[in-house]
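Enquirer: Input: one structure, supplied below.
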Amino acid sequence: MSRKVAWAMVIALAVVLLLAFVQYEYNRLVSLNQRVKEAWSQVENVLQRRNDLIPNLVATVKGYAKHEKDLFLQVTEARSNLMKATTVREKTIAANQLGTALARLLVVVENYPQLKASENFLRLQDELAGTENRIAVERKKYNEAVNNYNRIAKSFPTVLLVRLFGFEPEKPYFEAAPGSEKVPEVKFD
């Protein structure tokens, strides 16, 4: 075998290995990207469940607490903002605002013993609590998928392929609302 043929084979092998590596990394990025999208769709799914429960909760509380009009408007506006949001960042902010408004609504409920004893309200409250737990679980899964994507997308040499193939260089995490690290104050009067 001549030297030219040997070099040609070495170069051909190097090209094949390089193409195989690029194909593997591209497919891995596609897979990670799809996992992030899937995880986000589950977050949206449980956020929608919460959105569907809110009108029933507000209507039930309205019957007992007619003078809490501002609070009902805040809950309705926060729900509307979540439904209008289009990006992960906008939906995160809107979901956090809605969570804050719902927490205030539940504080108001404490002043109405007859409402707390209502079977409809108790069922709605249980559904909402279960939904909030689901949201927390799905947010965690989403952030894990984002972490995996970001870790791989920022590693070398994959970072070069991310740019080459037009993948997002970094996916946003679902972050807690500002002030959520503070422990809520509970008062028994």
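What follows draws every value from the coordinates through simple rules; no lab data is involved. Because the structure is predicted, anything quoted here is derived from the model rather than measured. Positions of Cβ are backbone-derived with ideal geometry, glycine not excepted, and every protein chain shown enters the neighbour counts.
Enquirer: Counting each DSSP H run of 4 or more residues in the chain as -39500 (n - 2.57), what helix-only mean residue ellipticity at 222 nm follows after dividing by all residues, to the nearest 500 deg cm²/dmol? Walk me through the intermediate numbers first.
Expert: Numbers: 6 runs with 147 residues, N = 189.
Theoretical 222 nm ellipticity from helices: -27500 deg cm²/dmol.
Enquirer: Can you give the angle from 0 to 90° between the axis of helix 88-109 and the longest principal axis of the chain, with both taken from C-alpha atoms, to the nearest 10?
Expert: The answer is roughly 20 degrees.
Enquirer: List, in the order given, every pair from Lys84/Lys140; Lys91/Lys154; Lys69/Lys141; Lys62/Lys91 whose Cα-Cα distance in the structure shown is over 28 Å.
Expert: On the way: Lys84/Lys140 23 Å; Lys91/Lys154 25 Å; Lys69/Lys141 36 Å; Lys62/Lys91 26 Å.
Over 28 Å apart, Cα to Cα: Lys69/Lys141.
Enquirer: Moving on to the next point. At what distance in nm do the modelled label points of Arg163 and Glu119 sit from each other, each positioned 7 Å from its Cα along Cα→Cβ?
Expert: 6.5
Enquirer: Here is a follow-up. May I ask you to compute the full-extension gain from Arg89 to Gln34, defined as 0.36 nm times their residue separation minus their alpha-carbon distance, rounded to one decimal in nm?
Expert: Details: separation 55, 0.36 × 55 = 19.80 nm, distance 1.82 nm.
Going from the current span to full extension adds 18.0 nm.
Enquirer: Can I ask one more? Compute the relative contact order of the chain as a whole-number percentage, counting only Cα pairs closer than 8 Å that sit 6 or more residues apart in sequence. Working shown, then result.
Expert: Values: 125 pairs, mean separation 56.9, N = 189.
In percent, rounded to a whole number, it is 30.
Enquirer: Using the Cα centre of the chain as the reference point, and only Cβ charges (+1 on K/R, -1 on D/E), how large is the resulting charge dipole? Debye, rounded to the nearest 20. Before the final figure, lay out each step's value.
Expert: Numbers: 27 positive and 21 negative charges, 165 e Å.
That gives a dipole near 800 debye.
Enquirer: Averaged over every viewing direction, what's the projected area of the C-alpha convex hull for region 3-165? Give it in nm², one decimal, please.
Expert: Numbers: hull surface 45.8 nm².
Average of the hull's projected areas for region 3-165 equals 11.4 nm².
Enquirer: Now for a different question. How would you rank 2-14, 92-104, 49-61, 161-173, highest first, on the average number of other Cβ atoms within 10 Å across their residues?
Expert: Details: 2-14: 9.5, 92-104: 19.0, 49-61: 17.2, 161-173: 14.1.
Listed from highest to lowest mean packing, they are 92-104, 49-61, 161-173, 2-14.
Enquirer: Still on this structure: Pull out the extension gain between Tyr173 and Ala59, defined as 0.36 nm times the separation in residues minus the alpha carbon to alpha carbon distance; nm, one decimal. Each step should come with its number before you reach the end.
Expert: Numbers: separation 114, 0.36 × 114 = 41.04 nm, distance 3.34 nm.
Going from the current span to full extension adds 37.7 nm.
Enquirer: Under 11 Å from the Cβ of Leu102, count the other residues' Cβ atoms, weight Lys and Arg +1, Asp and Glu -1, and hand me the total.
Expert: +2
Enquirer: Between Lys4 and Lys69, 0.36 nm times their residue separation minus their Cα-Cα distance comes to what? Display every interim value, and only then the final one.
Expert: On the way: separation 65, 0.36 × 65 = 23.40 nm, distance 8.51 nm.
Result: 14.9 nm gained on full extension.
Enquirer: With angles folded into 0 to 90 degrees, how steeply does helix 69-84 sit against the dominant principal axis of the chain? Use alpha carbons for both and round to 10.
Expert: Helix 69-84 sits at roughly 20 degrees to that axis.
Enquirer: Also: Taking the Cα atoms only, what angle lies between the long axis of helix 119-153 and the longest principal axis of the chain, rounded to 10 degrees?
Expert: With rounding to tens, the tilt is 20 degrees.
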